Each structure stands twice: as C-alpha cells, then as structure tokens.
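The values are calculated or read from the model by the stated rules, or taken from the named source; none is laboratory data. All values reported here derive from a predicted model rather than from experimental measurement. Ideal geometry is used to build each Cβ from the backbone, glycine not excepted, and the neighbour counts take in all protein chains shown. Protein only, heavy atoms only, side chains kept; ligands, DNA and RNA dropped before computing areas. Shrake-Rupley method; radii C 1.70, N 1.55, O 1.52, S 1.80 Å.
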Amino acid sequence: IMCASAKYNTRGPALIPRMKTKHRIYYITLFSIVLLGLIATGMFQFWPHSIESSSDWTVEKRSVHDVPVVKLPAPIPERGDLSCRMHTCFDVYRCGFNPKNKIKVYIYSLKKYVDEYGTSVSNTISREYNELLTAISDSEFYTDDVNRACIFVPSIDVLNQNALRIKETAQALAQLSRWDRGTNHLLFNMLPGGPPDYNTALDVPRDRALLAGGGFSTWTYRQGYDVSIPVYSPLSAEVDLPERGPGPRRYFILSSQMALHPEYRSELEALQAENGESVLILDKCTNLSDGVPAVRKRCHKNQVFDYPQVLQESTFCVVLRGARLGQAVLSDVLQAGCVPVIIADSYILPFSEVLDWKRASVVIPEEKMPEMYSILQSVPQRQIEEMQRQARWFWEAYFQSMKAIALATLQIINDRIYPYAAISYEEWNDPPAVKWSSVSNPLFLPLIPPQSQGFTAIVLTYDRVESLFRVITEVSKVPSLSKLLVVWNNQNKNPPEDSLWPKIRVPLKVVRTAENKLSNRFFPYDEIETEAVLAIDDDIIMLTSDELQFGYEVWREFPDRLVGYPGRLHLWDHEMNKWKYESEWTNEVSMVLTGAAFYHKYFNYLYTYKMPGDIKNWVDAHMNCEDIAMNFLVANVTGKSVIKVTPRKKFKCPECTAIDGLSLDQTHMVERSECINKFASVFGTMPLKVVEHRADPVLYKDDFPEKLKSFPNIGSL
C-alpha cells in the first residue's frame, strides 16, 4: 500500500485526489457525453417544434443549436400607460421618410428565455403566432435591418394570456435590445386576462408598447393608439363554408354560444318561448358518440346541428359577451353571412377605427336584450341583405386568417403615421364589386386647384332685394372671390337697375331665368369660369368673410366633396320604416345644405344632364329639396362624405318671414323627409355617408393673439 501522503496534491486550498492520466481522460469523455445528451434532451423538450418545421418568418434560418438562451430575471416594465397616444408615446421619427409611405417592421430573432432556476419561460410558439409572424415577414412592411425599423414585433408569443407566466414574460420583453420602455413595440394578444376578473387587456406589464388586443373595453382601450383586433377562430382554417346569397333564412334569430351566463341563457330561452320556431337557442351537446368533435356540433334538446354550418340558416346570430368581451364566435358568424347581433356593453369592436360596423351588425345594449326580437323586426329586408353581404366581406377581408388580421393591424398603424396616404373609408368598407375604383375622383384633378383662380359665388334670388344686396356686400369681402353671379328667378319682376347694385371689386353678372325653378341654381352657366363654385342663398347674411375664405381653402384640399356650413342628417325611422330628415343638433352629419356650400362646377353638368330618374323634375315641381338632390348626386358619384366647416349651426335670417321663406313653411320638414325616401328609391341605394367630424381652423380655439390667426373671425354657433 502506497503512503497516503503521496496520493494527494497539497498545493491548492482543497485536497483533490490524483488519478492516472488514462483514467482522467476516460472520466472527462464520459462526463462530456452525458452532458451533451442532457443538453440535447433539454433542447428537444423545450424547443417549439411547430416553429422548427416552418421557420421561414425570419430571414436567417437558425437551427435549434444556434438559439441563444437568455437568463432572467431582468427589470420588469411598467404597466401599460393608459394615457399613451401616438403623439406622446410613439416615436414617429424612427419611421423616417419613406417614398412608398410604408412603415418598416422588424421581427426579433427567436430566443429561449429561462428563469433563475433554468426553467423555460415559454415552451412553444403557437401555430397562430407563427402564421402571424410569417405574414409580416412576407409583407411589404417587413425589414431585416433593425436600424430601418419603425415598429418592432417580439418573437415572444403573448396571444393567449392563459399560457403566460406574467412576471417572467414582462422580464423577457425588457431584455429586448430596442425595448426602450416599449416605445414603437407592437404586441399581439387575443385572449387577455384571467380568472376571476378577466381583465380586458393583457396583464403583462408592457409600459409604452402598442397593443393589438382582442376584447378591449372602453376602459382599457387607448383610442388612436391601441388596435382592437378579432379573436381568431380556428374553424376558419378547418371549415370551408361556401358563401350563401342574401335573403330570408329558416331562423330569424340564432344563438350558438356554449357556457353562457345563466342570466343571459334564461333571457334567450324566454325569447324562444315567446316567438316559437323562428328563434333557435343552441348549447353544448352532451350525448355525442366517441370520436365526434364537440366543437363542431351544437344541440337543441335531442337535435344535433353541424357547427358552424347551422349559422347559415339564420338571419341574425347573437354574439354575447362571455368571461371575456371578445368572442371567436363573431368570426364564425361573419363567415356564415349571418348578421351579428352584438350584446356586449363597452366592447370595442375589431378594427372599429376603420370599419363601419353599422353596415354589418346590430349592436344592442345588454339591458335591451328582452326587446331584441322587436328591434330586429324593424330592420328592412333590403337593409338586412346588404348587412349579410357586408358581414361576409368583413370576414373575407379582415377575419379569415392570422395573415389578414396582422396586415390590417399594420395598415391601420401605417395610416396613422402617413395620413396623407391613408386608405379611404370606401377602400376599408366597400366590397370589391361596389368600389369606385374607376371613378375614385370624378374631377380628374391630380393637384390641388390653384388658389389664384378663386371661386364663383352663385346667389339664387326671387325678390328679396335688400337681403340680396347685403349678401353680395359680405361675399365680396372674401379675398378669393373671382366673380359673383346672381340668378334672378322672378319672371314677373325685373331686377334692380344697374346703378342700385352694390359696388364690388369683382365682376357682378345677373342672369334672368325663363322659369322659376330651384334647379336653376345648378345650371352650368357659361359665366362660371372657375373650378370652385359657392352656392349661397340670398338670406345667408351671417357668414363672415373669414368663414367663407376658410371654407374655400378646405374645398381646395377636397375638390370632389361638398364643403358647406349648414349640416343636416338622415336617419332611419324604425317606427315608420322609412328615412327621416333631421335638422336638430347632433354628433353626426350626412349632408350640407347648398344654401351655403362649395363644390366643383363639374357637378352642375351632372345635376342638369345626368341626374337619375325624374328627380330634377320632381324638385322643380315641389319647389323643395334641390340641395338634398345635389348631396345624393355627389355622394353617389364619389362614394364620399360631405365636409362641414366651422361651428356655426344657426342660419336663419332674422329679417325673413314665413311669407317669403320657403324653408319656413309648415309642410317643409315633412316634404324633406319624403325627398330623402324618393331619392333613395330612384338611386336604388342610400349613398349619403354619415360622419362625426367637421373642419375648423388650426388655431380656432387656441389662446393666441387674434392678429396672428389666419381666420380670426370664424363666428359663433
């Protein structure tokens, strides 16, 4: 036996047994093999295999062995800042100048995040998120140059909060190289919150990051910053549901959601009991054979229905809130061409920033649920058919795939950053068959009309000479006035002598008409040499020169629109089952009266020679509604809304009486409603567009010296 002291190395702080070289090599080799085996096993266990098999969403294809491992913890970001808006939390300068007016989106490379114990924070990336990233990387928005990027999308999947470790996911986000408090970062989430309260926005602290979320409420949605997206339905990829033409269907109302709140289900069942077989309330099937997928079936009593095919058998389909506001059933309903009846108070509908949901759905407050049947019965059949077509179109364009959802989200953000190149309302909402692609601008004006040309004011008058002279005097003060044309519509009385007319700085021409017709104001007179026309009544004496000049400047930016001052609205009267004319102050406007409005002279030719049906003769016979007819004509040709300018709403002439004022007659308002219904019937559609905005000068309400404002005298209400 060798001496023990000869077997130990006494030079280090610890005593390590010596071993022969061949033994040491043996153990090192064995240890290396075991270690490599453990590493390989761990990589295959935690690596998302679905991504490995379809990993073309990044430019560089990386093997599982190349993915770096990032160890947490790291700082946790602040919770989402509810005060964030594009001008406060978004760095638009990162987007730079792009001749194509397209934002550039960078996708972070895939990394494996582990906590302090070495446990993976997220084991997989879902198939849906992989499809979303693939769609972005294949799009014109994508860039692989991080320095050119305007938007950054993490490769961390937060679509479903149920699968997340909240704290660790936030730490992983904070590790991103360009995180910077989440500035210009975009997160996609469809299933926010968790039990018991189910928050309507992602609970992961995200600081300033934009959130494309499914299920926002008005309390958590940051208007103009976040993007409300649909909750994707996997059935979209699994079920080929052919489009069904619009028209009556077997059921009037259908509910297909499972696990509804008992109170909602009882109200639906009461509705079914009251209205019989026209209402069908479905629930989860409890007696299915083994191997039959429950998600593809719905039951009523002992009757089994195929889902989502059964949705095509109903005119209206109920979409109720569940534990979360956003529900995948909305996508299924749209795919079926069934008009969704959305009952979810405070829910921000998907892509509502650009989509007009009034054209495709009916939104009913939760408290009105018992009245649902009577409310839906009041919707005209023609309108139902239009809504059915629109519902299917929304699904095809924006709901049917993760690609559609991703690209619509990026386009909305793109439109915010490049508003002058934004997609129009019509492009977002009109199905291809009805888009005005060939006549997007009927005036064929590629440039803004030159300011130097000015406008021609046309004043239609009968015999209100004193008021007429006041209008001429006021309008003549407008710097851009080029010519003033008075249309004298009284065949029984001569216009005043030349010496009596106001002396103004521009040419004044009086045209005498052969007949007293309201349509004379829209005749294409040879005297109109400018592109812009201001139609103004002989009693509109309250508009200031600043208001008129500002209106002309707005028209120059939108020469294919009616730009005017008195705003009006058309409404659907559910009790009378027809359209109604509304002149009260509201938040919406769909018409501007041509008693004071700018438009392009091109529309005078259309009104005189191309007006559909007998509208022009009907207007002249009733001595009413020529302004409504012009609104219909322009909206039908351009597919665009009017623009109301300045806040003024009162336009009554204080000196005018019911004796000489057409619009003060008692039957006037009734006839105006009849006009709208008549014109809608002739046009075969309702072309008027409802909007909720007006144009005001930039410094209109600012506490700023009046002499420094371009339009200081805008007037009051």
Given H placed 1.01 Å from N in the peptide plane, which residues other than close sequence neighbours of V70 have an amide H under 5 Å from its amide H? K112, Y113, V114
So, for the stretch 234-400, what is the accessible surface per residue at a probe of 1.4 Å, expressed in square angstrom? 44
Percent of all alpha-carbon pairs of the stretch 451-695 at distances over 27 Å, whole number, is 31
Scan around W579 for amide H atoms under 5 Å from its own, H built in the peptide plane at 1.01 Å from N, and keep only partners 5 or more places away or cross-chain. D573
Suppose we keep just the DSSP beta bridges with both residues in the stretch 63-232; what percent of those would be antiparallel, to 5? 5
Quick check: pseudo-label points 7 Å beyond the Cα along Cα→Cβ at L82 and N287, how many nm apart are they? 4.9
Once both label points are put 7 Å beyond Cα along the C-beta direction, the V363-Q377 separation in nm becomes 2.6
Using alpha carbons only, how many angstrom separate the centre of the stretch 590-628 from the centre of the stretch 238-289? 47
Accessible area in square angstrom per residue, the stretch 451-695, 1.4 angstrom probe: 43
Neighbour net charge for R85 - beta-carbon separation under 14 angstrom, K R +1, D E -1: -1
Solvent-accessible area, 1.4 Å probe, carbon plus sulfur percent, for the stretch 258-334: 46
In whole Hz, the Karplus estimates of ³J(HN,Hα) for the stretch 179-190 (6.51, -1.76, 1.60; θ = phi - 60°; x where Gly or Pro) are 4, 6, 6, x, 4, 6, 9, 10, 10, 10, 9, 10
Expected unfolding gain across E269-I33 under the 0.36 nm per residue rule, minus the alpha-carbon gap, is 78.3 nm
I'd like the carbon and sulfur percentage of the solvent accessible area for the stretch 63-232, probe radius 1.4 Å, heavy atoms only, ligands and nucleic acids excluded. 49
Return the distance in nm (one decimal) between the two label points of a simple spin-label model at W219 and Y198, each offset 7 Å from Cα along Cα→Cβ. 1.4
Between V465 and D356, the FRET efficiency computed from the C-beta separation at R0 = 56 Å comes out, to the nearest 0.05, as 0.75
Taking H as built 1.01 Å from N, whose amide H comes closer than 5 Å to the amide H of S314, not counting residues under 5 places away? Y251
Of the DSSP beta bridges with both residues in the stretch 234-400, give the percent that are antiparallel, rounding to the nearest 5. 25
PRE reach from S139 (point 7 Å along Cα→Cβ): which of the stretch 169-188 fall under 15 Å by backbone N? 185-188
Heavy-atom surface of the stretch 63-232, accessible at 1.4 Å and reported per residue (Å²): 43
Could you compute the net charge surrounding R296? Neighbours are other residues with a C-beta less than 10 Å from the C-beta of R296; K and R count +1, D and E count -1. 0
In Å², nearest 10: area of E582 left accessible to a 1.4 Å probe: 40
